[in-house]
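Here's the structure we're looking at; comments come further down.
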Ligand SMILES: [Zn+2]
C-alpha cells in the first residue's frame, strides 16, 4: 500500500472488500450477491466524489504517482513496432530521454519522451527523468532525422525538470533547451506533444513545442514545481499545496488559459488504475491528431505554429 | 555624451549611495571608494578593478545607440494578473510596488535605433523590475521587436539580465520561452542577424530561450549566466561548486559564448560586426550585379610551371 496516495487508500480498501465478498459469493454463498451490488454502487459513488473534487495538489500527486505509466510503458502499449535510437553524437547517451522510430496505427513516427525510473536502480540510470543537455541534443538529432525523412514527431512529456548540475551547466543546459525551442518552432514536419505526467518547466518545454499540445487528464504542467515556488515565494517548501493552487497547473487550467489544445481522458482514478484504457485513449488521440496534421500542408502548419505561440500570454495594451 | 545624464537619473533609488551627495561610491568589486563621475565616464565600470555596475535598460540602450536615434516601441504594454496569483502578496500589488520603485512599466525596454549608422532593433531587460523576470509582456515585446527587425530588415540586439520566470504568471511565463524562440527562428530563417548580450545575472527561462539564441553571443565579464541558479545546484548535488562556476569566463572556456567583452568595448564590437555583415545589406540593385572574381593579391597568377604536375 505504500505506493498509494492517502485519498486512494479508502477506495482501495473498499474495492478489496468487494473482491473478497465476490469470492465468497462464488464459493457458494449467492445470498450475499445483493450485498456486493450495494457495495459496488457505494464504491462508484465514492470514486466519483473523490475524483470530481480533487485539489490541485492531489492532482500533482497523481501526476507523479509511482505506479503511473511512463513513456516506455505507453510506447509498448501503443506502438506495433519500436526501434530505440541512442546518443547525441556529441557527448553521451542520456537515458532520461528515450527516442526512436515507431509505428502507431498506420503512422510511422519519430517518438521522443522523458523517462523516469520505476525503481532505485533504474532511477539512477534515468536520473529520475531529469535530462542533461545530451538528452535534449539527442532529441534534436531525432527531430532532424524526422524532418529529413518527412515523418511526424510525437513527444511524450514527463519530467520534474531539466537536471540542475555542474556537468549540465558546463555543457550548456540552457543552450540545449533554447536550441530545441528554436528548431521545433520551424521543424518542417508535424509535431504532436502530449504531457503524460509531469510537465516540469523548461525541461518539459525542451521537447514540448508543437502544432498540437495535449495533456493527459491528470497530468500537470508548470513553470516551476510547487515545492520550488513555495520555497521562493512563501520561503517555505512545505507550502507546496498553496503554491500548487496558485500556479494553476492542471490540464483543465491550461486548457482554459489557452496553452493546450485538448485533454486525453484517463480512467477513473488515473492512468495507473487502468493503464490499458489510458493507453487506448492516448493512441486514439494520437491517431486522430496525426490524421489532421498530416493532411495539412507543412507551410500552413508552420504558419499556424508561429501564430499559436504568438498568442500565448496575457497583457494589457 | 547624452546618455551620461540619463544614467544618473535612471539609477536613483536603485543603487544604494553610501557616500553623501552620491559623489563617491564603494565598488562592489574591489571595495575601493571610487568617484561616481569617473565610473559613469567609464561606462559604469570601476576604473580600479573593472567591475561592471548594474545599469538600467534605458542606460544600456542609450550607451549603444547613436545619439538621439532611439525610438521606444510598445511602451504601453503592461502586465495583468491572469492567474489571480497570491502568495504573501497579490501579484498586482507586487507589480504596483515594482512600478513605483523603478518608474518603469515592465521589465523590458524595446525600440528602434541606429548603432554606428546601422538600423537596428534593441531590447534590454531591466533587472530592477521584479528581477527582469519573463512576464507575458516581456515575451510579447521581444517577439514584436524580432518581428519588427524582420519586417524592416534591421539588426537585432537583445541585452539580458534576468532571474528567470515570472512565477506569478505561471505557465504563461513558461510559454514566453517558446514564443520568443519561435520568432527568433523565423527571423533567422529570413537571414536576420541577432546579437545577444548577456549581463549579470542571466539565468532560468531567459537563458534557456532568447539569450542563448544569438547568431553571436557576447557576455560582459564576470556575469553569472546559467540555467539553474547556483544555490539550486548546490542543494541538488550537495557539493561545492568549482571557482568561477557559471561566470562569463567559465562559459567562454566551455564553448558557450563567442566572446567576453567589457562594457566600454561593446558598442565598438557591435559596429564592427554590423559593418562586416552589412555587405549583404547593400541596395537591391547593387546586390543583383554579378560578383567580380578577383584574384587575391598574394597569389601569383602566372603559375610556376615547374610545380605543375607533369602532363600524362
Ligand atoms: Zn572596483
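Evaluate the stretch B:51-73: report whether one residue or more is outside any helix (DSSP H, G or I), within 14 Å of chain A (Cβ to nearest Cβ), away from the ligand (no atom under 16 Å from the Cβ) and surrounded by fewer than 20 Cβ atoms within 10 Å (Cβ to Cβ). Yes: the stretch B:51-73 contains one or more residues that are outside any helix (DSSP H, G or I), within 14 Å of chain A (Cβ to nearest Cβ), away from the ligand (no atom under 16 Å from the Cβ) and surrounded by fewer than 20 Cβ atoms within 10 Å (Cβ to Cβ). Assessment of the stretch A:216-232 against the conditions (farther than 30 Å from residue B:89 by Cβ and outside any loop (DSSP other than H, G, I, E, B)) yields at least one matching residue.
Of all residues in the stretch A:293-317, those satisfying the criterion of being farther than 15 Å from residue A:194 by Cβ and away from every other protein chain (no Cβ under 14 Å) are A:294, A:295, A:296, A:297, A:300. As for the stretch A:204-211, it holds at least one residue that is out of contact with any strand residue (DSSP E or B) (no Cβ under 6 Å at 6 or more places or on another chain), within 16 Å of residue B:207 (Cβ to Cβ) and buried (at least 23 other Cβ atoms within 10 Å of the Cβ). Restricting A:244, A:240 to those that are farther than 17 Å from residue B:173 by Cα and more than 8 Å from chain B (Cβ to nearest Cβ) reduces the list to A:240. Considering only the stretch B:126-136, I want to know if a residue exists there that is in a strand (DSSP E or B), within 13 Å of chain A (Cβ to nearest Cβ) and within 17 Å of residue A:232 (Cβ to Cβ). Yes: one or more hits. Looking only at the stretch B:110-118, decide whether some residue is within 14 Å of chain A (Cβ to nearest Cβ) and crowded, with 24+ Cβ neighbours inside 10 Å. Within the stretch B:110-118, one or more residues are within 14 Å of chain A (Cβ to nearest Cβ) and crowded, with 24+ Cβ neighbours inside 10 Å.
Checking each residue in the stretch B:75-105 for being facing chain A (nearest Cβ under 7 Å) and part of a strand (DSSP E or B) picks out B:78, B:79, B:86.
Put simply, of B:150, B:122, B:104 the only residue that is touching a strand residue (DSSP E or B) at 6+ places or on another chain (Cβ under 9 Å) and free of Cβ contacts under 8 Å to residues at least 60 places away in the same chain is B:150. Considering B:58, B:9, the condition of being closer than 29 Å to residue B:269 by Cβ and at pLDDT 95 or above is satisfied by B:58 alone. The criterion of at least 2 residues that are crowded, with 17+ Cβ neighbours inside 10 Å is met, among strands (runs of 3 or more DSSP E) falling completely within the stretch A:1-116, by A:97-104, A:107-114. Only one of the listed residues (A:280, A:288, A:245) is modelled with pLDDT of 95 or more, out of contact with any helix residue (DSSP H, G or I) (no Cβ under 9 Å at 6 or more places or on another chain) and outside any loop (DSSP other than H, G, I, E, B). That residue is A:288. In this entry, residue B:252 is excluded by the filter for residues that are in contact with a helix residue (DSSP H, G or I) (Cβ under 9 Å, 6 or more places away or on another chain) and either within 14 Å of another protein chain (Cβ to nearest Cβ) or farther than 23 Å from residue A:203 by Cα (or both). In the set B:172, B:158, B:198, only one residue is part of a helix (DSSP H, G or I) and either touching a helix residue (DSSP H, G or I) at 6+ places or on another chain (Cβ under 7 Å) or at the interface with chain A (Cβ under 7 Å from one of its Cβ atoms) (or both); that residue is B:172.
The values are calculated or read from the model by the stated rules, or taken from the named source; none is laboratory data. Values in this document were obtained by computation on a predicted structure and should not be read as measured data. With ideal geometry, Cβ positions are generated from the backbone for all residues, glycine too; neighbour counts draw on all protein chains shown.
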